[in-house]
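Step one of this worksheet: look at the structure below.
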Amino acid sequence: MKILILTGKFGMGHWSASMSLRQQLLRAFPGAEAEVLDLIAYTRPNSSEAMYRWFNLLVTQGSGLFNLYYKLTEDLPAGDWRLFEEQEMDRLEELLADRQPDAVIATHPICARMMSRWKKETGSALPLITCVTDLSSHSEWIHKGTDCYLVGSEEIKEKLAAKGVDREIICVTGIPVRLEFKRPGRRRADGQRRLLIMGGGLGLMPRKDSFYEALNALPNVRTTIITGSNQKLYDRLAGKYPNIEVLGFTDRVYEYMAASDLVLTKPGGITMFESIFSELPILAWEPFLEQEKNNARFLVKRGMGRVASKEPEACLEAIRNLIYNDVALAAMSARMRAMKSRLEEESLNRVLSGLAAEKGVRVG
């Protein structure tokens, strides 16, 4: 079986979800082939980088405009929006003719929209699976010709069904994460609390030295800060505080989650589900994008996390109120464990096996 996973790098969450899907597929079906491809870069080789830069600028500097657009279009019928010129559709046609996939998985709404249009115009029965990479029921994800939707929660399933999607093709699988995050964590029994902070690469970290001095002074707390691509923040903090470990980019976040008691992070869909599968309670930076506001509301409603103000003193108070609260932390972890067990009952593997049987495609 050949699976083509189409995505876009509007933020790295879609790409991360795609790679996690590929890992899961190859582990479940050793004889299968699975390729992840940036469809935006493939169809727009000369302009995709500029599109990505523009998008990143919009969500960081113009979040109010982005949120307004998101709200105004959230419940509009997807329809047959012709956002792409024929050249892009021709490139998609060439790609599918070259790869000859048995199924396509879309992890970005643009990819789902293009595949939907291609299926309509060609009459193809090629299975199309759409993986929704946020806790979102936005209409941009809904397209005719989709054989299956993979969503993060029962609430999203119900919202998509309310918009007319056949509930029989909506599967609650959670948002895909690497298998390493699904292993039980091993918290250390040395009496110290461990706080993990992520988001430095996005400019979310407070600028005041007093914030880090207060973190460093928290009794029996060791803090790890992952600064990502923010070299200035790394240079500013590395080696300065004895109780704060500072890391740049790392692809072993799962190890730090497994050893931590609490994570302070941006409530993106991927990071949120990495934490859920790691059974690691979440303190979410106060979100400013609509998708992340939805994610944060979900965490609070399910009792798996809390929201911390971006204001340094209020953020520190939120950390103090939770990092020492064993009862609250244990309850959050237990709720994550329960959700994880439910999600694993309805996995992508079962979905794909069912589609393969329906379409007469050999899985192995």
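The values are calculated or read from the model by the stated rules, or taken from the named source; none is laboratory data. No experiment lies behind these values; they were computed from the predicted model shown. Glycine also receives a Cβ, built like all others from the backbone with ideal geometry; neighbour counts cover every protein chain displayed. These area figures cover heavy atoms from the full protein model, side chains too; ligands, DNA and RNA do not enter into them. Shrake-Rupley method; radii C 1.70, N 1.55, O 1.52, S 1.80 Å.
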Hits in segment 146-155 - residues which are within 28 Å of A258 (Cα to Cα), open to solvent by 10 Å² or more (accessible area, probe 1.4 Å) and either without any contact (Cβ under 8 Å) to a residue 40 or more places away in the chain or over 19 Å from the mean Cα position of the chain (by Cα) (or both): E154
Qualifying positions in segment 233-273 - of a type in the set (G, A, S), more than 16 Å from the chain's Cα centre (by Cα) and under 24 Å from P287 (Cα atoms): G248, S260
Those residues of segment 163-204 which are outside any helix (DSSP H, G or I), at pLDDT below 90 and open to solvent by less than 20 Å² (accessible area, probe 1.4 Å), in sequence order: G199
Residue satisfying all of: in segment 205-225; within 17 Å of Y256 (Cβ to Cβ) and touching a helix residue (DSSP H, G or I) at 6+ places or on another chain (Cβ under 7 Å); modelled with the lowest pLDDT among these: M205
Residues located in segment 111-145, provided they are open to solvent by 30 Å² or more (accessible area, probe 1.4 Å), of a type in the set (A, V, I, L, M, F, W, C) and under 25 Å from the mean Cα position of the chain (by Cα): I142
Yes/no for L25 being more than 28 Å from E274 (Cβ to Cβ), surrounded by 13 or more Cβ atoms within 10 Å (Cβ to Cβ) and either touching a residue at least 24 places away in the same chain (Cβ under 8 Å) or in contact with a Phe, Trp or Tyr (Cβ under 6 Å, 6 or more places away or on another chain) (or both): no
Residue ID - farthest from L322 (Cα to Cα), chosen from residues in segment 226-247 that are of a type outside the set (S, T, Y) and touching a helix residue (DSSP H, G or I) at 6+ places or on another chain (Cβ under 6 Å): N230
Residue among L68, L92 that alone is open to solvent by 30 Å² or more (accessible area, probe 1.4 Å), among the aliphatic types (A, V, I, L, M) and either at pLDDT 75 or above or touching a Cys at 6+ places or on another chain (Cβ under 6 Å) (or both): L68
